[in-house]
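Peer 1: Submitted below is the structure of interest, expressed as structure tokens.
The values are calculated or read from the model by the stated rules, or taken from the named source; none is laboratory data. These figures come from a predicted structure and were not determined experimentally. Methodologically, a virtual Cβ is constructed for each residue, glycine included, from the backbone with ideal geometry; neighbour enumeration extends over all protein chains shown.
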Amino acid sequence: MRNPKHPCVSLRRLRLHEMHSTLRIMFPTVESWAAAYKRIGELESESIPRLAKQASSALLIFLLLSTFGTESRVSVTIGGVTASISTAFVTLYGSIALFFIAMALQHHAIIVAMKSRLGTRMLLHGFSINAYATIEKIDGISMAVPLTTNMFFEQKFPISRVLILLTSVCLSLLLVPLISFGYYLFILQLDIVANAGIAAIYRVSAAAGVFTIIATFLYLLLFNLPIPATKNTRHVRWGFLYRASLIFPHPNIKKWLSDAESDRFFKQKTKR
């Protein structure tokens, strides 16, 4: 059972809240909702090519390793000229690229979640956020999303739910190549580290790549994992309630000062 005094909050949720709060300051009125939604749509459109570019670099590294690479060297011959580089260096670059792909994916996920949240704020009769996104050229495939807002008809068979499930599964399958690439790099670099016949500098590079793969997994896990958190009572009282109060001084200032003094005494006693 969730403890209300110690809620579980993920870093992803905090980032989403920061973006929502910033948008409310930049676009404070209902009339500016359209501008806010268009701006988020632009950010989404900009993040997709950036993500695709980074993913293509991972694909290129995989092709180099699988086609021209061995456990020790990656060699490419063009026009009789051979270029060769240690496999450990290539795998390390691939591991770093995978970490930046994970960051780009996380960024894109937050933008999409913010766009969805903004879309649910406009509740008007006969208004469809998917149709609006298509008409304003914010999204090119929004009308293909199997989710309708028509309340006059109810489907006898849950076709929309089935299509939403199928769409979600197909989109999730896009992550399979990246996961497979990460596993491929992880195993290959472990083999390099365990091979005593390879120079120490290359084995150290492979070990750094293994560390980067593990860091990528931990990054995605910890960024999205809800963890117990406590309220920053001092900031809430003095940074928000005190400044927002219409009464000066704040009616509870004596209690706050007393609590602060008690906390200070407790900390000093604990140190002793």
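Peer 1: Spot the failing condition for Arg15; the list is (1) over 17 Å from Ile129 (Cβ atoms); (2) at pLDDT below 90, and only one is missed.
Peer 2: If we test Arg15 against (1) over 17 Å from Ile129 (Cβ atoms); (2) at pLDDT below 90, just (2) comes out false.
Peer 1: Also: Among the residues of the stretch 92-103 satisfying the criterion of being out of contact with any Ser or Thr (no Cβ under 7 Å at 6 or more places or on another chain) and of a type outside the set (Phe, Trp, Tyr), which is farthest from Ser205 (Cα to Cα)?
Peer 2: Residue satisfying both the conditions and the ranking: Met103.
Peer 1: Quick check on my filter: what residues within the stretch 115-142 are aromatic (Phe, Trp, Tyr) and not in a loop (DSSP other than H, G, I, E, B)?
Peer 2: Selection gives Tyr132 alone.
Peer 1: Test Ile198 against the stated conditions and say whether it is at pLDDT below 90 and surrounded by 15 or more Cβ atoms within 10 Å (Cβ to Cβ).
Peer 2: yes
Peer 1: Looking for something within 20 Å of the chain's Cα centre (by Cα), among the hydroxyl-bearing types (Ser, Thr, Tyr) and surrounded by fewer than 18 Cβ atoms within 10 Å (Cβ to Cβ) - is there at least one such residue anywhere in the stretch 65-87?
Peer 2: no
Peer 1: Next question, about the same structure. Does the stretch 147-159 contain at least one residue that is in a helix (DSSP H, G or I) and either closer than 30 Å to Ser86 by Cα or among the polar types (S, T, N, Q) (or both)?
Peer 2: Within the stretch 147-159, not a single residue is in a helix (DSSP H, G or I) and either closer than 30 Å to Ser86 by Cα or among the polar types (S, T, N, Q) (or both).
Peer 1: Filter the stretch 137-190 for residues that are acidic (Asp, Glu) and loosely packed, with under 14 Cβ neighbours inside 10 Å and give the result.
Peer 2: Answer for the stretch 137-190, where residues must be acidic (Asp, Glu) and loosely packed, with under 14 Cβ neighbours inside 10 Å: just Glu154.
Peer 1: In addition: Quickly run through the stretch 170-185 and pick out the residues that are touching a helix residue (DSSP H, G or I) at 6+ places or on another chain (Cβ under 9 Å) and over 16 Å from Ser57 (Cα atoms).
Peer 2: Tyr183
Peer 1: Here is a follow-up. Among (1) under 30 Å from Thr22 (Cβ atoms); (2) modelled with pLDDT of 90 or more, where does Ala131 come up short?
Peer 2: The failed condition is (2).
Peer 1: Go through the stretch 27-64 and give me each residue that's of a type in the set (Val, Ile, Thr) and exposed (fewer than 12 other Cβ atoms within 10 Å of the Cβ).
Peer 2: Thr29, Val30
Peer 1: A further question follows. Go through the residues of the stretch 119-127 one by one and say whether even a single one is at negative phi, in contact with a Phe, Trp or Tyr (Cβ under 7 Å, 6 or more places away or on another chain) and modelled with pLDDT of 90 or more.
Peer 2: no
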